[in-house]
Amino acid sequence: MDRKILRVNMDQLTARLEEVPEKYSNLGGRALTSTIVAEEVPPDCHPLGPNNKLVLAPGIVTGTMAPSSGRLSVGGKSPLTGGIKESNAGTPLAGKLGRLGIKALIVEGKREKESGYYLLHITEGNAELLPADEWSGRGLYEAFKGLRGEFGEETSFCGGGIAAELAGSNSGLAFDDPEGRPSRYAGRGGLGSLMVSRGLKFIAANDEGAPDIEYADKQAFDEGRKKLAQALHDHEVTGPGGTLNSYGTDALVNVINEIGGLPQRNFSQGRDDEAVKISGEQKAKEIEEGKGIRPHKCSPECIIQCSEVWEPEGKDPVGVLEYESVWALGANCGIYDLDQIGELNRACNDLGLDTIEMGTTIAVAMEGGLADFGDGKAALELLEEVREGTPTGRILVNGTEFAAQAFGVNRVPTVKGQSMPAYDPRAIKGIGVTYATTPMGADHTAGYAVATEVMGVGGEADPLDPEKAELSRALQKSTAFIDSSGYCLFTAFAVMDIAEGMEGMVQTVNGVAGTDFTVEDAVHFGGEVLRKEREFNQAAGFSKSDDRLPEFMREESLDPQGEVFDVPDEELDKVFG
Amino acid sequence: MTYPMRSWTKSSVRKRTPAIRESGCRKMSVQVKLFGKLQRGLGEKKLQIEARAAGELLEKLWTRCGERAEGAGATLEDEEEMENLTGELRKSIEGNSSELTVLINGRNLTFLDGPQTKLEEGDRVAIFPPTGGG
């Protein structure tokens, strides 16, 4: 089965298959979305104007039974940052698109809102656009449930919510989990509004009847798959009963809080003893007592299974409460109650909002006087303002930087317009170097220096040492490769420590794509992805001065470590210099 | 190879000079917080331990682990896991790379004076098994 590009034109309401140009043949995931965006989208276009495009691409091995390989990349020019964006999600939809032979899905053209919303329905050998207006203005839990009822359990979905309909630059793209909840997100960068502004509200795919994936070298693939699976199994973080499997990503709350790097109340402090109440240990205990299901997987291929379903008695099920969401909607808003955080997370999922950006936005709103820190009920009411489309809601839906300006707040934790995730760079400096220099805006996943600085994965580096250009660069390159392969980034915990795992990962890519990459080649491949992304950003108007953290992080020291972000500009410029 | 394998980052590790601390002879009573599997392993979230230095504190924890492994109250699912825990504690005691993260006032022992790090009254000690997430 040759993979194809599916091009959907929303002006003409057409969907047609195209041959894959030779130059794209070795690409997948982030490498492919970023390459197509760089080639087809004018860098100076308006992100919600007629010339921007949304590109989705399963990873190179996605659709196979390689372990933890169910990732789907989404790209475009970001409505939040104004730069290139790739955000990826783990979802059953990823493997279905891979098995349907969709190497990339490009959505172009733009319909006015008045001319209605559509759903793109993809099945083996067919793609059609169907009216989807009936779901406009309604929550995504209701919509996904209704769509699943209409199209069947074998169909997977993604979609934009009310936040996207409001053209919010903090609107994520929601994907279903295996049971159909809109709880898996390509959340960052406003890609929901990019899709919905084309007139496309949902994508649905059913891979029944699709042929098997073709392998360039099945033997190499199988050998690699076994090596990688063994490494994931053997590592303390990724293995059965390991940290991720037992406590989920929220296992990080306690350790990041203890080192003084868990931002509290809009990045005004790095530690609070209350944080233990929202930790992975506490959540696992509450789940064991009946508040949900753990472990759980985001996609059928996953063997790490770090996910869960948070479902307290008498409440509607949420899906996973990730570390980032628990922090953003919790500690960063002074809220230390998992039940309240669960409700806030559900509201974000329902409205189609990125939990990180929304949590940091609520925190600046709290600092700006719209609510008190710690008031979970008031935070929920702010989210309802988004649902109702009030003027306040329309401010909140546009992200942290926009809200801070509207509410007169000067402590604005953003880079390139995107808010920082759950690690304060004054206490963990390498991740600050990544926040500053990645083409994505503040994004921890782009080069997760925390792994080395705090967890000792891939070596050890003092989190307070400001010389981190080399570490961040190496991680950004290897991450760009992993994001292109289709593997979950959490496989890195194992493959950074177990060399055979990394070899196996590269072998599986070779087995599918017919390449002969070595591990070193894979890192170079990642470097090329970054080069294209940086070139796009430069053409869009970004310069060195955008590769900086906000001023307050150099001026205000962070308790309890008493540190400022003291990485010199020259060190930041060395990352790609 | 530029991929940050353990060998690569080890060679480029830079440690900050630890703050000079009073090296008194009095044993300090320090509260030790345990997380993740360690809570299960030792059956406690917090322990009060008297010690002058980090190594001595870890040694006492190691002994306590051994007692629990032999006692009826052991809560770990199997001996292998307890063995792993005591093995990792031993590595930390000897100043070797360990899967455990030992924090004194939020600073990793590795970047202080290792097991020789002096303790003071009221120090905040936290010990973690391997962590991950993001």
- prompt: Around residue A:454, with a cut-off of 11 angstrom between Cβ atoms, what is the net charge of the other residues, counting Lys and Arg +1 and Asp and Glu -1?
  reply: -4
- line: Note on region A:362-519: contact order normalised by length, alpha-carbon pairs under 8 Å, 6 or more apart, percent, works out to 13 percent
query: So what are the ³J(HN,Hα) numbers for region A:254-260, from phi and the Karplus equation (6.51, -1.76, 1.60; θ = phi - 60°), rounded to whole Hz, Gly and Pro as x?
result: 5, 6, 6, 5, 5, 7, x
- prompt: Using a 1.4 Å probe, how large is the accessible area of residue A:77, given in Å² and rounded to the nearest 10?
  reply: 10 Å²
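Rounded, prolate or oblate: pick one for region A:420-577, where a ≥ b ≥ c are the square roots of the eigenvalues of its C-alpha gyration tensor, a/c under 1.5 means rounded, and failing that, prolate if a/b is larger than b/c, else oblate.
Here region A:420-577 falls in the oblate category.
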field: Surrounding net charge for residue B:106, when Lys and Arg each add one and Asp and Glu each subtract one, Cβ distance under 10 Å
entry: +2
message: Taking R0 as 30 Å, what FRET efficiency do you get between residue B:27 and residue B:124 from their Cβ-Cβ distance, rounded to the nearest 0.05?
response: 0.95
statement: In the neighbourhood of residue A:569 defined by beta carbon distances under 13 Å, the net charge of the other residues (Lys, Arg +1; Asp, Glu -1) is -3
- request: Partner chain Cβ atoms within 10 Å, averaged over the residues of A:458-468 - can you pull that number for me?
  value: 6
query: So how far apart, in nm, are the two label points at residue A:46 and residue A:150 if each is 7 Å from Cα heading toward Cβ?
result: 3.0 nm
- line: Expressed as a whole number, the average count of other chain Cβ atoms within 10 Å around the Cβ atoms of B:106-114 is 4
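With contacts defined as alpha carbon pairs under 8 Å and 6 or more residues apart, what's the relative contact order of chain A in percent?
Once normalised by length, the contact order is 17 percent.
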field: Label-point separation, residue A:286 to residue A:226 (7 Å along Cα→Cβ), nm
entry: 4.4 nm
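To the nearest 20 Debye, how big is the dipole of chain A about its Cα centre, given +1 on the beta carbon of each Lys and Arg and -1 on that of each Asp and Glu?
1280 debye
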statement: Order by accessible surface, 1.4 Å probe, largest leading, for residues A:283, B:33, B:45 comes to B:45, B:33, A:283
- line: Projected onto the charge dipole of chain A (unit charges on the beta-carbon of Lys, Arg, Asp and Glu, signs +1, +1, -1, -1), the Cα from A:425, A:155, A:10 with the largest positive-side position is that of A:10
query: How would you rank A:357-365, A:388-396, A:496-504, A:323-331, highest first, on the average number of other Cβ atoms within 10 Å across their residues?
result: A:357-365, A:323-331, A:496-504, A:388-396
field: Relative contact order computed over region A:1-113 (Cα-Cα under 8 Å; 6+ residues apart), in percent
entry: 35 percent
message: Of A:143, A:178, A:164, which is farthest towards the positive pole of region A:137-178's charge dipole, taken about the Cα centre with +1 and -1 on the beta-carbons of Lys, Arg and Asp, Glu respectively?
response: A:164
Label-to-label distance, nm, for residues given as residue A:531 and residue A:18 (7 Å Cα→Cβ offset): 2.4 nm
query: Averaged across the residues of A:448-457, what count of C-beta atoms belonging to other chains lies within 10 Å of each residue's C-beta?
result: 5
- request: In whole Hz, with x marking every Gly and Pro, tabulate ³J(HN,Hα) for region A:210-225 from phi via Karplus 6.51 cos²θ - 1.76 cosθ + 1.60, θ = phi - 60°.
  value: 6, x, 5, 4, 8, 10, 6, 8, 5, 5, 4, 4, 5, 4, x, 4
message: For region B:96-125 and region A:75-133, what is the centre-to-centre distance using only Cα atoms, to the nearest Å?
response: 50 Å
Accessible area, probe 1.4 Å, largest first, for residues A:123, A:491: A:123, A:491
- request: Convert 10 °C to kelvin, take the viscosity as 1.306 mPa s, use the Kirkwood radius over C-alpha pairs of the protein assembly as shown as Rh, and evaluate the Stokes-Einstein diffusion coefficient in µm²/s, rounded to a whole number.
  value: 63 µm²/s
- line: Ranking A:121, A:100, A:88 by how far each Cα lies towards the positive end of the charge dipole of region A:79-149 (+1 on Lys and Arg Cβ, -1 on Asp and Glu Cβ), the top one is A:88
- request: Grab the DSSP H runs of the protein assembly as shown that are 4 residues or longer, score each as -39,500 (n - 2.57), total them, divide by all residues and round the 222 nm result to the nearest 500 deg cm²/dmol.
  value: -11000 deg cm²/dmol
- request: Quick one: dipole size for region A:240-354, taken about the Cα centre, charges +1 on Lys/Arg Cβ and -1 on Asp/Glu Cβ, in debye to the nearest 20.
  value: 160 debye
- request: Might you report the magnitude of the Cβ-based charge dipole of region A:479-544 about its Cα centre, with Lys and Arg at +1 and Asp and Glu at -1, to the nearest 20 debye?
  value: 400 debye
- prompt: Got a sec? Which residues in region A:426-448 would a label at residue A:555 touch, if it sits 7 Å along Cα→Cβ and we count backbone N under 17 Å?
  reply: A:426
Unsatisfied cross-links (Cα-Cα over 27 Å) in the set A:227/B:60; A:103/A:416; A:477/A:544; B:46/B:118: A:227/B:60; A:103/A:416
task: For B:91, A:315, A:429, write out the residues from largest to smallest accessible area, computed with a 1.4 angstrom probe and no ligands counted.
output: A:315, B:91, A:429
query: Rounded if a/c is under 1.5, else prolate if a/b beats b/c, else oblate: with a ≥ b ≥ c from the C-alpha gyration tensor eigenvalues square-rooted, which is region A:443-533?
result: prolate
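When a/c reaches 1.5 or more, the comparison of a/b and b/c decides; with that in mind, is region A:1-62 rounded, prolate or oblate per its Cα gyration tensor? Display every interim value, and only then the final one.
Numbers: a/c = 2.21, a/b = 1.37, b/c = 1.61.
Oblate is the answer for region A:1-62, as a/c is 1.5 or above yet b/c matches or exceeds a/b.
The values are calculated or read from the model by the stated rules, or taken from the named source; none is laboratory data. A quick note: this is a predicted structure, and the numbers were derived from the prediction, not measured. Glycine also receives a Cβ, built like all others from the backbone with ideal geometry; neighbour counts cover every protein chain displayed. Heavy atoms of the whole protein, side chains included, go into the accessibility calculation; ligands, DNA and RNA do not. Shrake-Rupley method; radii C 1.70, N 1.55, O 1.52, S 1.80 Å.
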